[in-house]
1. When the residues of the range 40-66 are narrowed to those that are over 19 Å from the mean Cα position of the chain (by Cα) and of a type in the set (S, T, N, Q), which ends up farthest from Gln122 (Cα to Cα)?
2. I'd like to verify a number: residues in the range 111-148 that are among the basic types (Lys, Arg) and either crowded, with 18+ Cβ neighbours inside 10 Å or farther than 27 Å from Ala162 by Cβ (or both), how many?
3. Inspect all residues belonging to the range 21-39 and state whether any of them is without any contact (Cβ under 8 Å) to a residue 60 or more places away in the chain, assigned to a loop (DSSP other than H, G, I, E, B) and within 24 Å of the chain's Cα centre (by Cα).
4. Tally the residues that are outside any loop (DSSP other than H, G, I, E, B) and either more than 23 Å from Gly173 (Cα to Cα) or without any contact (Cβ under 8 Å) to a residue 40 or more places away in the chain (or both), restricting the search to the range 57-69.
Amino acid sequence: MPELPEVETVVRGLRPHLEGAVIRQVVQRRPNLRFPFPEKFGARIEGRTVTHVGRRAKFMLMTLDDGTIIVGHLGMSGRMLILTDDPPPPGPHDHVDFVTAAGTTIRYCDPRRFGMFDLTTQATLGDHRMLRNLGPEPLGNTFNAASLSAALAGRRSPIKAALLDQKTVAGLGNIYICEALYRAAISPRRIASTIPGKRAERLTTAIRDVLSEAIALGGSSLRDYVQTSGELGYFQHRWNVYGREGEPCPKTDCAGSVQRITQSGRSTFFCATHQR
């Protein structure tokens with residue numbers, strides 16, 4: 001599933017083509033994705049001007065001039081592709097086209113159909129069922145060692161599971177949690193309540209650094225994800241542990257190797273020698 005860096009990369013790719021643009025037409029080719037589309041989805045946004053394209057956690061937020069907000073999620077395999085010339089005929093997995101007055105087509109493709117689109121308003125965004133319980137943005141000013149320490153206090157779950165909980169911090173997923181824990185030299189099996197303090201300082205720094213670097217490189221391309229231009233992300237070439245089971249620990253002074261275990265139904269990659 002695309003994580004925060006991938007969604008942020010998509011949002012940044014959409015901005016030049018959508019902000020200030022009028023949505024002339026919405027072509028909806030099926031009634032539902034993961035959930036049914038809102039009633040009269042296209043009619044409610046056609047003719048409106050996009051004033052801002054943003055993100056909350058792993059959700060795309062497209063604000064319109066009447067206060068409506070399109071909430072989008074890429075699911076497991078969703079892509080938002082920008083087609084500035086005559087778009088090719090839609091394929092079997094091309095479910096929605098957003099066509100601007102300038103002639104640009106933003107095409108949503110989703111083979112597994114786990115993505116979603118919904119409509120809300122600026123006034124009710126904070127109460128949206130998918131957003132209301134999210135934790136702080138890891139790249140925002142409210143996320144720091146103190147806030148993370150408070151969120152983890154008293155929790156007996158492993159730190160990996162606690163970070164996967166979107167109430168702890170928003171937008172993190174399996175890849176970037178593995179990479180951040182490695183950089184912070186923290187075992188994914190360590191009990192979350194033991195993190196507050198110096199470990200929380202290392203971990204918040206590692207989370208910010210990993211996410212910022214991944215965004216700069218267009219995210220990580222794993223299976224279906226591509227940027228809005230169709231290009232792959234490149235951060236997968238910087239992974240220290242994810243997907244590297246059996247390889248030597250990247251730390252030159254560490255004699256350990258990368259292991260894989262299963263936590264919360266996900267593969268966790270780490271070096272038990274380096275990470276304590």
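1. From the range 40-66, those over 19 Å from the mean Cα position of the chain (by Cα) are 40-51, 64-66; that's our starting set.
Of the ones still in play, those that are also of a type in the set (S, T, N, Q) are 49, 51.
Details: Thr49: 15, Thr51: 12 Å.
Per the stated criteria, the residue is Thr49.
2. The total comes to 2.
3. Checked the range 21-39: no residue is without any contact (Cβ under 8 Å) to a residue 60 or more places away in the chain, assigned to a loop (DSSP other than H, G, I, E, B) and within 24 Å of the chain's Cα centre (by Cα).
4. Our first condition is that a residue be outside any loop (DSSP other than H, G, I, E, B); within the range 57-69, this holds for 59-64, 68-69.
Next cut, either more than 23 Å from Gly173 (Cα to Cα) or without any contact (Cβ under 8 Å) to a residue 40 or more places away in the chain (or both) only: 63-64, 68-69.
Residues flagged as outside any loop (DSSP other than H, G, I, E, B) and either more than 23 Å from Gly173 (Cα to Cα) or without any contact (Cβ under 8 Å) to a residue 40 or more places away in the chain (or both) within the range 57-69 amount to 4.
Rule-based calculations on the coordinates, nothing more; no lab input. These figures come from a predicted structure and were not determined experimentally. So basically every Cβ, Gly included, is an ideal-geometry build from the backbone, and we count neighbours across all protein chains shown.
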